[in-house]
Amino acid sequence: MSEGITEASLPYRHGHTVELTSFAKYKKTNRKFTAALALSGCAALSYQVAWQRALTQIIGSDAVSMVLVVTIFMLCLGIGSELAKYLVVRSQAQALWLYAIIEIIVGIYGIFSIPLLRVANASSAGLTGGSLTLDFLLNLILLLVPIIGMGLTTPLIVHIAKQNLQNVGRTVGALYGWNIAGAAIGAILTGLILIEATGLIGTTRIAAALNIFAAIIALSAFKTIKSALPDTGAIHKQKQVRIPTEAAIAAVLFGFGTLAVQVVFFRVLSNYLTMSTIVFPVLLCSYLCLMAAGQWVGGHLADRYSDRLPVVVAALFSIGAVLLLAALRFPPAWAAPLHALRFSTFNGQLIASAYPQLVGDPWPLTVFLFSGFLMLSVVAWSGLFPVMFRFIIDRIENAGNRFARMYTLYTVGNVAGTFICGIFLLPLLGTGGGATATVLIVGAGCLALLLSKPSSPHKYRSAWAFLFVGVFAAALMPQDYYKSFKLGDYSVADVFEGRTGVATVVPTSTFYTIIDMNRTASASALRADPKPSDQYQAWRWNHTELMALDPAFRPKSILVIGIGHAYLIDAMLDLSFVEKITVVDLSKEVVDAVKKYTKTSSKRIFTDPRVEIIIEDGRHYVQSAIKRGEKYDLIQNKINEPWHAGGGNLFTEEFFEEEKNLLTSGGYLSTRPLTGHLTDGFKVFGNALWAGYYHMYFKNGTALSPTSAIVTPDIKQAWFTEVPGHLSQITDNRNTISATYFSDVPQNLATDANTDDRPTFEYYWLRQLFGTWVSPRLNFWDLDLSKYTKSVPVTIN
């Protein structure tokens, strides 16, 4: 931060020049302030990532819930910055002590935060009744104090560190920039290392230590402040100054643009890089680094061109708009040689022969560099804040007060940008339309500033030209963006965009059409009936083998988490005793795509009165159903690739326990036969059974170790059915069932426990890096399980 200070710029105070011998003290003090804010920013993002993960386990991880979680943070930060204007009237020394006390309070709360969130939400379950609004309000109250404290810290440090009018832009840009840079480090450390190594509770304790360390560093500058600078707060009592209306409007609109463009870019980049948990923290780190760079650039421009600030604002707006246009016009296929166009295992089958290196998670450095390249517009638009701040400062004594007010207005815009863009603009207008609207909104902020300077229109002629260029760029944004994703046999034919993300439809040469959510395998739609050679016979899906092994099991009420290919639901409709099938899916877009592109008998699931489709987070639905006292005989929880962002929440030990509580006595939970699910499910149920195909079963009751199987008349037709909805077609009587029963988890199949605190299913990068990761993704049919398998004879009545 010291680059903006020279001997010539040292301030005057009541006719006395600060001694030049104090110059070295300034530099040392400012380094301490930047270090404190960097540590504070690092802690804040560690809390945000950890708390957000914990809250998605409580109130769900659907789009609305995620936006509400972010809104809690932005809202409380805004309240904190607004309250700060009442604290910066104090002397700089007093403000320094306040800063240290606030950091310590935040740190103390952080130590106990995760257990507090869990206990408070569990205790109030009966009061909230599963209401998302009440859950939001409860957690807002729980997090109010620490996040407001975070919002107070930056304005207080700006007040303490202010020096003179000539370098105030650089001062604010550097301080705020270092705070954001610390946040970037916190994001990547938490996402790649801390959660995996220490769990959510351990992460918040490390963040608390950073808070306390920041307080210690800041307090170490106390004596330097007293000796190096007469206390401006004590000499000039600050008045509560009014922000010009045009500047206030611009601050809100610029804040809107900064967070709205983040929402747009994260949606775009998830379609390049897939939804791996490795991707999100690196994306966030890259975005925050660009924001920090923008603060530095904006601060320097504000001080250098302080007499032409409207031109600087318009130029930054124009550059950001053009760079955003370039990002959305960048051909996705060009990212393939950079290894930045990624595919999951399922959709990767279309390009695996030609591009095998593109299947799987990207390397973090690739994510950081490519996302940084695509998001360069963030530098320009983030630079608007320090320029705006310089625009309204006429006296250095007002710096702390006005920063607090501007930061509040900017944060209000941040909240609006996150909520409006994620919940309204993208679903209604799509990514291209949302980007267009965002550019126009930021342009409106520039217009407000230009109209506030009507006396010298010729002086700002270039500003109007820049404004026109930015608006023209908005008009050129692509409106069918995701259809540009083409590589090899992978080609997007249709797009369903909404709140939860982007569902893309990709035709294949087989009997199904792939439905990707943010280009991560999510579902499929059957365009033709599968052939026997496809090994997709109905009897492989309708659970009749389990019913033959356990003749007492005849499920009437079934819960299916994730619509998948709709084939399983269709197959279950062939069973006359099935009374109700509840299908819960996170994404309306995926459900709509499956409905439109399903061409077989599976289409009946959308009209059969026994089927109810609910758009909701699966975990939140289960928790709400338990509160309502509901019970199910069979729960089918079979997410294709649960190691992608958020999917692991459906397979923690704690959620297995909740599913068990939702089952009737003697009911079954069915999952994919993966080693990770065996480890975690067995710990809760104490038994596991695999019948050789696509389902592993956990029984809520006495373990089943079958020695015989009986096909009774009520399941006989379904037992012989090749295609759902058709008459019996099978000629193979299947006289035996290969049943694999586990009375314990074999050591060679055991994996690290996946829990709410340590979500090892998704967070594995560190162990993978050091070669200690035991994959929980192994399918049973790829393993030799003959030691645990027996051939069970089948009797057909």
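The values are calculated or read from the model by the stated rules, or taken from the named source; none is laboratory data. Keep in mind that what you see is a predicted model, and the values were worked out from it rather than measured. Positions of Cβ are generated from backbone atoms using ideal geometry, with glycine treated the same way; all protein chains shown enter the neighbour counts. With ligands, DNA and RNA removed, areas are computed over all heavy atoms of the protein, side chains included. Shrake-Rupley method; radii C 1.70, N 1.55, O 1.52, S 1.80 Å.
Some observations on this one:
- Matching entry among Thr795, Thr751 (being modelled with pLDDT of 95 or more and either in a strand (DSSP E or B) or hydroxyl-bearing (Ser, Thr, Tyr) (or both)): Thr751
- Enumeration of residues in the range 559-574 that are of a type in the set (A, V, I, L, M, F, W, C) and in a helix (DSSP H, G or I): Leu568, Ile569, Ala571, Met572
- Residue that is open to solvent by 10 Å² or more (accessible area, probe 1.4 Å) and either assigned to a helix (DSSP H, G or I) or more than 25 Å from Leu273 (Cα to Cα) (or both), where the choices are Ala437, Ala404: Ala437
- The range 580-625, residues that are of a type outside the set (Lys, Arg) and open to solvent by 60 Å² or more (accessible area, probe 1.4 Å): Leu586, Thr607, Pro609, Glu612, Ile615
- Note on the range 576-597: residues that are within 24 Å of Thr500 (Cβ to Cβ), part of a loop (DSSP other than H, G, I, E, B) and touching a helix residue (DSSP H, G or I) at 6+ places or on another chain (Cβ under 8 Å) total 1.
- Within this structure, Ala292 fails the test of being surrounded by fewer than 23 Cβ atoms within 10 Å (Cβ to Cβ) and aliphatic (A, V, I, L, M).
- Count - residues of the range 754-773 that are buried (at least 16 other Cβ atoms within 10 Å of the Cβ) and over 15 Å from Thr198 (Cβ atoms): 4
- Residue selected from the range 87-104 under the condition modelled with pLDDT under 80 and not small (Gly, Ala, Ser), by the criterion surrounded by the fewest Cβ atoms within 10 Å (Cβ to Cβ): Val89
- Cβ-Cβ distances below 7 Å connect the following pairs, each with a first residue in the range 364-375 that is open to solvent by less than 60 Å² (accessible area, probe 1.4 Å), a second residue that is outside any helix (DSSP H, G or I), and a separation of six or more residues or different chains: Pro364/Ile278; Thr366/His339; Thr366/Ala340; Phe370/Ala340; Leu374/Phe330.
- Applying the set (1) crowded, with 22+ Cβ neighbours inside 10 Å; (2) in contact with a Gly (Cβ under 8 Å, 6 or more places away or on another chain) to Phe553 leaves exactly one unmet item: (1).
- Failed item, numbered, when Asp744 is tested on (1) of a type in the set (Asp, Glu); (2) open to solvent by 60 Å² or more (accessible area, probe 1.4 Å); (3) not in a loop (DSSP other than H, G, I, E, B): (3)
- Out of Ala43, Ala35, sole residue that is at pLDDT 80 or above, surrounded by 21 or more Cβ atoms within 10 Å (Cβ to Cβ) and assigned to a helix (DSSP H, G or I): Ala43
- Where Glu630 falls short, out of the listed (1) open to solvent by less than 40 Å² (accessible area, probe 1.4 Å); (2) within 30 Å of Leu678 (Cα to Cα); (3) not small (Gly, Ala, Ser): (1)
- Look at (1) more than 20 Å from Tyr621 (Cα to Cα); (2) assigned to a helix (DSSP H, G or I); (3) basic (Lys, Arg) and you find that Lys660 fails only one, number (1).
- Meets criteria (part of a strand (DSSP E or B), at pLDDT 95 or above, of a type in the set (A, V, I, L, M) and surrounded by fewer than 24 Cβ atoms within 10 Å (Cβ to Cβ)) for Val471: no
- Out of Asp592, Asp585, sole residue that is under 25 Å from the mean Cα position of the chain (by Cα) and over 18 Å from Arg672 (Cα atoms): Asp592
- Among (1) open to solvent by 10 Å² or more (accessible area, probe 1.4 Å); (2) farther than 27 Å from Tyr272 by Cα, the one test that Pro386 misses: (1)
- Flag for Leu429 being touching a helix residue (DSSP H, G or I) at 6+ places or on another chain (Cβ under 8 Å), among the aliphatic types (A, V, I, L, M) and not in a helix (DSSP H, G or I): no
- Single residue of Phe698, Phe685 found to be hydrophobic (A, V, I, L, M, F, W, C), without any contact (Cβ under 8 Å) to a residue 60 or more places away in the chain and open to solvent by less than 10 Å² (accessible area, probe 1.4 Å): Phe698
- For the criterion of being open to solvent by 10 Å² or more (accessible area, probe 1.4 Å) and within 25 Å of Asn640 (Cβ to Cβ), Ser353 passes.
- Qualifying residue in the range 505-514 (condition: under 21 Å from Gly433 (Cβ atoms), surrounded by fewer than 24 Cβ atoms within 10 Å (Cβ to Cβ), at pLDDT 95 or above and of a type outside the set (Ser, Thr, Tyr)): yes
- Selection of the range 638-663 for residues being more than 26 Å from the chain's Cα centre (by Cα) and either buried (at least 21 other Cβ atoms within 10 Å of the Cβ) or in contact (Cβ under 8 Å) with a residue 60 or more places away in the chain (or both) yields Leu662, Leu663.
- Residues within the range 492-515 that are outside any loop (DSSP other than H, G, I, E, B) and over 28 Å from Cys421 (Cβ atoms), tallied: 2
- Residue identified as buried (at least 18 other Cβ atoms within 10 Å of the Cβ), farther than 30 Å from Ser452 by Cα and either β-branched (Val, Ile, Thr) or at pLDDT 95 or above (or both) among Ala380, Ala326, Ala315, Ala335: Ala335
- Residue check: Ser491 meets all listed conditions (1) modelled with pLDDT of 95 or more; (2) among the hydroxyl-bearing types (Ser, Thr, Tyr); (3) more than 25 Å from Ala333 (Cβ to Cβ) but one, namely (3).
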